[in-house]
Amino acid sequence: MDFFERQHQAKKKTGYLVFLFGIAVLLISLLNFLIIAAVIPLVGEERKREGLDFSTLQDPMLAMYVVLGTFVVISLAGLYRKSQLSDGGSSIAAMMGGRLVNMATTDPDERKLMNVVEEMAIASSVAVPEVYVMEGEEAINAFAAGYTLDDAVIGVTEGCMRKLSRDELQGVIAHEFSHILNQDMKLNLRLVAVVFGLISLAVIGRVLLRIGFYSSHGRSRRSSENGGGGGALAIGIIGLGLMATSGLGILMGNLIKSAVSRQREYLADSSAVQYTRNPEGLAGALKKIGAMATGSRLLTPHAEEASHMFFGNGMRESWFSFAATHPPLLDRILLLEPSFDGDFSGVKFEERRSSAAKPDSKARRTQAGIPIPGVGDALGQALPPVIMGLAAAGQVQVGSAAAVADSIGNPTQQHIDFAAALLAS
């Protein structure tokens, strides 16, 4: 796969979609102007004597005020929403029920996870972010969150950490590093802020609707004939119009946001290949999602709020593809492995590690007949046959840490013979 070309296409389409988002907001502003300009002639004494005059529809100053006011409301609401998430990635991880992984963990799966994160941090030339595990989530999923490289975090589900092989986990973590490096989190937050601003317009419209119609209903016929009722009715109509235009905007905004999210997923997949040089790892992780009954679907009630941040679709599959936050799973796999036939039945999972299943290090030493004090326990695994054979022959002396440290830089003939035998094996 030409992942550089895939990255270029994804970035180009993302820019186009963000441009459409801006156009959608502008159209909503113009619709608001048309509604307000059409309602203004209904208010005032002059309407009775001169008839309705819709010349306000051609008033450039009114258009400028309405459009500017709409943008101001959306911007202020967006800034308010941004301030609510000012703690960065750690607040998102806590909301998702994540547990911070200790850098010095001794759990083998957590150790594997931390090693992979450190490797991808080196490959992408960024500092190692904090890592969170979503305990109890058996689905395979992950996310990256944060405003900047300094407060970015990576979260994985317990199923992702336990069920993926090292290469597959590496592909998923590389995918999340791409989201951090390509500033997808900042882009997503901007889109969320705009949608929140559109929601605030709907709230304002609802308030105006209540004020207008309640006031109109409470006034007498005489006050209505004097124009007061007309003013209240106009306020209600404007409120109703704001609710309608903002509702349309929210729908358009969510659709465009989902389209942007899908393009960034393609970008992150191609960037993961760039970091790992191993498309099979990422493809294997996606295949395991397809082979599981739960797939990547999460249990947390906050999954919908952060649905666009996940590696896989954290919600139920959408009935309409244009409303989905992620590309179809099979499409993502075929871009990485064009020969895949879509059959997930042959996918094999990693067996969950259990401390009870590990052979005791003393038993290994006893079976080998070689007393090597402390080495089996320190490594947690059997030594290569050549080392055990050389130790049995007396060619390798395994002693204390101090003795090993003293031998550094002072190779003996035994060391040289051991190295030759190791290379030959």
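Ordering of 113-125, 96-108, 337-349 by packing is 113-125, 96-108, 337-349, highest average first (other Cβ atoms within 10 Å, averaged per residue). For the peptides 60-66, 272-278, 151-157, the ranking by packing is 151-157, 272-278, 60-66, with the highest mean count of neighbouring Cβ atoms within 10 Å listed first. Spin-label model, SER86 to SER407: label points 7 Å out along the Cα-to-beta-carbon direction sit 5.9 nm apart. Taken per residue, the accessible surface of the stretch 241-308 reaches 36 Å², heavy atoms only and a 1.4 Å probe.
Taking the protein heavy atoms of the stretch 93-215 in the context of the full set of protein chains, the accessible area attributed to carbon and sulfur is 58 percent at 1.4 Å. When the label point is put 7 Å from the Cα of LEU100 along its Cα-to-beta-carbon vector, which residues of the stretch 295-309 have a backbone N closer than 15 Å? Correct set: none at all.
Evaluating 6.51 cos²θ - 1.76 cosθ + 1.60 at θ = phi - 60° for every residue in the stretch 342-349, the Karplus couplings come out as x, 8, 9, 5, x, 6, 10, 10 Hz, glycine and proline recorded as x.
The values are calculated or read from the model by the stated rules, or taken from the named source; none is laboratory data. The structure displayed is predicted, hence computed values, not measured ones. Glycine also receives a Cβ, built like all others from the backbone with ideal geometry; neighbour counts cover every protein chain displayed. When the accessible area is computed, the model is the full protein with side chains, heavy atoms only, and any ligands, DNA or RNA have been set aside. Shrake-Rupley method; radii C 1.70, N 1.55, O 1.52, S 1.80 Å.
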